[in-house]
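See structure below.
Just so it is clear, none of the values below were taken in a lab; they were calculated from the coordinates. No experiment lies behind these values; they were computed from the predicted model shown. Here the Cβ is made from the backbone with ideal geometry for all residues, glycine too, and neighbour counts use every protein chain on show.
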Amino acid sequence: MKLLVLCALVAAAAAWPNFGMMADSPGGASDAQKQHDVNNILWKIYGEIRDPHLKELSQTFDPLSGHYDDGGVSARRLMKELNDERLLEQKHWFSLFNTRQRQEALMLYDVLEHSTDWDTFAGNAAFFRVRMNEGEFVYAIYAAVVHSHLTEHVVLPPLYEVTPHLFTNSGAIQAAYKAKMTQTAVTIKSQFTGSKSNPEQRVAYFGEDIGMNTHHVTWHLEFPFWWDDAHEDHHIDRKGESFFWVHHQLTVRFDAERLSNYLDPVDELHWDDVIYEGFAPHTMYKYGGYFPSRPDNVNFEDVDGVARVRDMLILESRIRDAIAHGYFTGRDGSVISIRDAHGIDILGDVIESSTYSPNPEYYGSLHNTAHVMLGRQGDPHGKFALPPGVLEHFETATRDPAFFRLHKYMDNIFREHKDSLTPYTKEDLEFSGVSVEGITFSNRLETHFEEFEYSLVNAVDDTTEVEDVPISAKVDRLTHNDFTLKIDITNNNDHDVLATVRIFAWPKYDNNHVEFSFNEGRWNAIEMDKFWVKLGGGSNHITRSSKLSAVTVPDVPSFHSLIEKAEEALASGSELHLEEYHSSLGLPNRFLLPKGKTEGMDFHVVVFVSDGAKDGAVAGLHESTTFNHYGCEDGKYPDKQPHGYPLDRRVDDERIISGVSNFFSTDVKVFHIEGQ
Ligand SMILES: [Cu+2]
């Protein structure tokens, strides 16, 4: 897994400064060559391959002659499907939630993942690009580049420039086609979906943010529900818990955005309740027409071939029954306890469900089925032959406000479990001899919207004979000014100690300006950062830049600049340096602060410092301030504590947590600057 190696590299680089320069690239090709090939295999995915070498490979490479670590089993299987003409045609929509389509994409993923040298990887990529469905192909390449050891240093081009249809509205796409037809360069100002008559439009900038959508897709690529340990070389640590946490964070962040826009937090969706909010996506497939709409106030209908509404109610009650019992029942009738810190991981596996679920036959696949059920409500019986809905793609799911209602529903189930655990005691929370004296922000916290431009050149059809004209979209994106957090910590021990610093913030008031109780607030806490430091004896003044936050990543370079960088490196024989972009798993750093209010929005900020010697699952965490939030060396999650610790469990008596010296809280205002 690429993100795991990132951490290993950082740790190694700290010990040996030249490590980065000497990094070898497995598989018989340089990093620059691999980056170049991946760029070119994804360039203009709906047309012919432009790179002469890859084009040649697409005609001459024989998948059966490649080098594999599975004896060529995967390659033979996919070749048989191809020769039997069973594979999905090109120029057809693709959805990961379509079982057969997913199987086809994963057959190619397997071939690439088992390739042991770059010639085999690149040869297969070129060969199947011209023979398989484009959507399946893109998915397989992205998944393989994320997970293959051959592509540890390859940066994937931003998906919104590879398959722009899934990231922008149909108006922008049509304007792009017009620009291409008339050979006129254009920059299209893209608006958020909907109208001002719809209050939900006030927060459309969140659900439609291209960086947030990239984060969501990337998380699902790094932690796929289809990941089967039997066919992979490692187990993904705490995948189910991470599933809970990443969606919990999207849920609480969306609620914070709503409060700053004078909207109530999201209400959960429920199977036997009305779906109050309709949605008109104004988004189109490259092939397959428009994404289906859903009017306001419809009742859930059974979806032919997917599930009945009552099936969903039964699954939910089985899961909630398990939470109430404190255990799941395995396939063999075994009792699998969940009433401990590890329980959330199993619950996440069950709800998604992933192949890690101990009993999918009984507990089903609540999340994945729910996405399809909700996605199909516009055409539940297939009468109109509509393509899949926005909920059926990770790229587009958050565009529909019902996504957040659906996830609030699942988040409440997770909460039911977390609230069944006993609260942390004073002894659990204390860090002897360590006290947090104060926290200050270097400057006023401000958010504003900025304009961002990205290319739509890959959205339109073209031929080799006609030159490209520049076509781009301009979108508004939420961003904030940078700041530095200063934390004063006293260590009264007579030796250095390793400390884990955990920072959270939650909106102080609800939409009626009623202050959230500690217990309500902590469940809505936004994780802002987490890092490890060594504390010397006496006073320690820690500074931490907002840019370093472990929950965020910088913007991925544009497709064009990735192409340029790889070409430059190849031409000059120099090393490619794209380290900071190797993982795009976190939220965009722009999103670290939720949108403020003109008059200031109040947030409650909490800093909790715990014993790093007990928490750290990996050595050297304090030497690397850039460890990745979701994973680290050897597939191990770096923090032994649960996600959200110590706010993950209910707080019956706030004095217990606020009474320990290693806890500190304060209030801060976030201001939104209009018209900047
Ligand atoms: Cu998701």
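Quick query: amide H of Leu445 versus all other amide H atoms, modeled in the peptide plane; which residues come in under 5 Å with a sequence gap of 5 or more or a different chain?
For Leu445, whose amide H was placed from the backbone, the distant partners under 5 Å are Phe671.
Go through the range 493-505 residue by residue and turn each phi into a ³J(HN,Hα) via Karplus (6.51, -1.76, 1.60, θ = phi - 60°); whole Hz please, and just put x for glycine and proline.
6, 8, 8, 5, 10, 8, 10, 9, 9, 10, 10, 10, 8
How much FRET efficiency would the formula 1/(1 + (r/R0)^6) give for Arg444 and His381, where r is the Cβ-Cβ distance and R0 is 45 Å, rounded to 0.05?
With R0 = 45 Å, the Cβ-Cβ based efficiency is 0.25.
Against the longest alpha carbon principal axis of the chain, how many degrees, from 0 to 90 and to the nearest 10, is the axis of helix 343-352 turned?
With both axes taken from Cα atoms, the answer is about 30 degrees.
Please give the helix 402-418 orientation as an angle from the longest Cα principal axis of the chain, in degrees from 0 to 90, rounded to the nearest 10.
40
With only alpha-carbon pairs counted, each pair once and no self-pairs, how large is the Kirkwood hydrodynamic radius of the range 529-632 in angstroms?
So the Kirkwood estimate lands at 17.0 Å.
Based on DSSP H runs of at least 4 residues, each adding -39500 (n - 2.57), what is the mean residue ellipticity at 222 nm of the chain after dividing by all its residues, to the nearest 500 deg cm²/dmol?
Rounded to the nearest 500, the figure is -10500 deg cm²/dmol.
Can you give me the distance in nm between label points at Glu599 and Glu453, each placed 7 Å from the Cα along the Cα-to-Cβ direction?
3.8
Answer rounded, prolate or oblate for the range 159-274, using the Cα gyration tensor with square roots of eigenvalues a ≥ b ≥ c: rounded when a/c is under 1.5, else prolate when a/b is larger than b/c, else oblate.
Because a/c hits 1.5 or more and a/b fails to exceed b/c, the range 159-274 counts as oblate.
Using a 7 Å offset from the Cα along the Cα-to-Cβ direction at both Asp304 and Tyr262, what is the distance between the two label points in nm, to one decimal?
In this crude label model, Asp304 to Tyr262 measures out at 4.6 nm.
Tell me, what is a quarter of the convex hull surface for the C-alpha atoms of the range 362-460, in nm² with one decimal?
About 14.3 nm², averaged over all directions.
Want the number for Asp69 to Ala619: 0.36 nm per residue separation, take away the alpha-carbon distance, what's left?
Details: separation 550, 0.36 × 550 = 198.00 nm, distance 3.12 nm.
Gain on stretching Asp69 to Ala619: 194.9 nm.
Expressed as a rounded percentage, what relative contact order does the chain have, with Cα pairs under 8 Å and six or more residues apart? Kindly include the intermediate steps, with their values, before the conclusion.
Values: 1285 pairs, mean separation 127.2, N = 676.
Here the relative contact order equals 19 percent.
Could you check what % of the DSSP bridge pairs in the chain are antiparallel, to the nearest 5? If you can, show how the numbers build up before the last one.
Values: 61 of 71 bridges.
If we restrict to bridges inside the chain, about 85 percent are antiparallel.
In sequence order, what are the phi-derived ³J(HN,Hα) couplings for the range 456-472 according to the Karplus relation 6.51 cos²θ - 1.76 cosθ + 1.60 with θ = phi - 60°, rounded to whole Hz, with x for glycine and proline?
Karplus values, whole Hz, x for Gly and Pro: 10, 4, 7, 7, 9, 7, 7, 10, 5, 6, 9, 4, 6, 10, x, 10, 9.
Can you return the lysines within cross-link range of Lys474? Criterion is Cα-Cα under 28 Å, with same-chain partners fewer than 8 residues away left out.
Result set, ordered by chain and number: Lys44, Lys91, Lys178, Lys180, Lys189, Lys196, Lys286, Lys547, Lys565, Lys595, Lys597.
In terms of modelled amide H atoms, which long-range or inter-chain residues lie less than 5 Å from the amide H of Glu437?
Here Asp488, Ile489, Thr490 satisfy the definition.
Can you tell me how much longer the chain between Glu674 and Lys91 gets when fully stretched, taken as 0.36 nm per residue apart minus their C-alpha distance, in nm with one decimal?
Values: separation 583, 0.36 × 583 = 209.88 nm, distance 4.28 nm.
Answer, rounded to one decimal: 205.6 nm.
Counting other beta carbons within 10 Å of each residue's own, what order do His582, His235 fall into, fewest first?
Working: His582 20, His235 11.
Lowest count first: His235, His582.
Could you work out how far apart the two model spin labels at Ala341 and Arg650 are, taking each label as a point 7 Å from the Cα in the direction of the beta carbon, and quote it in nm?
2.1
At a 10 Å Cβ-Cβ cut-off, how would you order Leu429, Leu485, fewest neighbours first?
Leu429, Leu485
If the chain between His495 and Lys196 were fully stretched, how many nm would it gain, using 0.36 nm times the residue separation less the Cα-Cα distance?
101.7 nm
Going by a ≥ b ≥ c, the root eigenvalues of the Cα gyration tensor, does the range 485-558 fall in the rounded group (a/c under 1.5), the prolate group (a/b larger than b/c) or the oblate group?
Judged from the Cα gyration tensor, the range 485-558 comes out oblate (a/c at least 1.5, b/c at or above a/b).
Among the GluC sites (Glu not before Pro) within the range 78-125, which fall in a DSSP loop and have no more than 14 other Cβ atoms within 10 Å of their own Cβ?
Filter output for the range 78-125: Glu85, Glu89.
Could you give the radius of gyration (one decimal) and Dmax (whole number) of the Cα atoms in the chain, in Å?
Spelled out, the Cα radius of gyration and Dmax of the chain are 24.9, 75 Å.
How do Lys178, Lys418, Lys91, Lys530 line up, fewest other C-beta atoms within 10 Å first?
So the residues, fewest neighbours to most, are Lys91, Lys178, Lys418, Lys530.
Evaluate E = 1/(1 + (r/R0)^6) for Asn481 and Lys178, where r is the Cβ-Cβ distance and R0 equals 35 Å; express this FRET efficiency to the nearest 0.05. Present the calculation step by step, with values, prior to reporting the outcome.
Working: r = 38 Å, r/R0 = 1.08.
Efficiency, from the Cβ-Cβ distance: 0.40.
Using the alpha-carbon atoms, what tilt in degrees (0 to 90, nearest 10) does helix 309-325 show relative to the longest principal axis of the chain?
Rounded to the nearest ten degrees, it is 40.
In whole Hz and in residue order, list the ³J(HN,Hα) couplings for the range 514-524 that follow from phi through the Karplus curve 6.51 cos²θ - 1.76 cosθ + 1.60, θ = phi - 60°; x for Gly and Pro.
Calculated HN-Hα couplings, in order: 8, 5, 5, 5, 4, 5, 6, x, 5, 6, 9 Hz.
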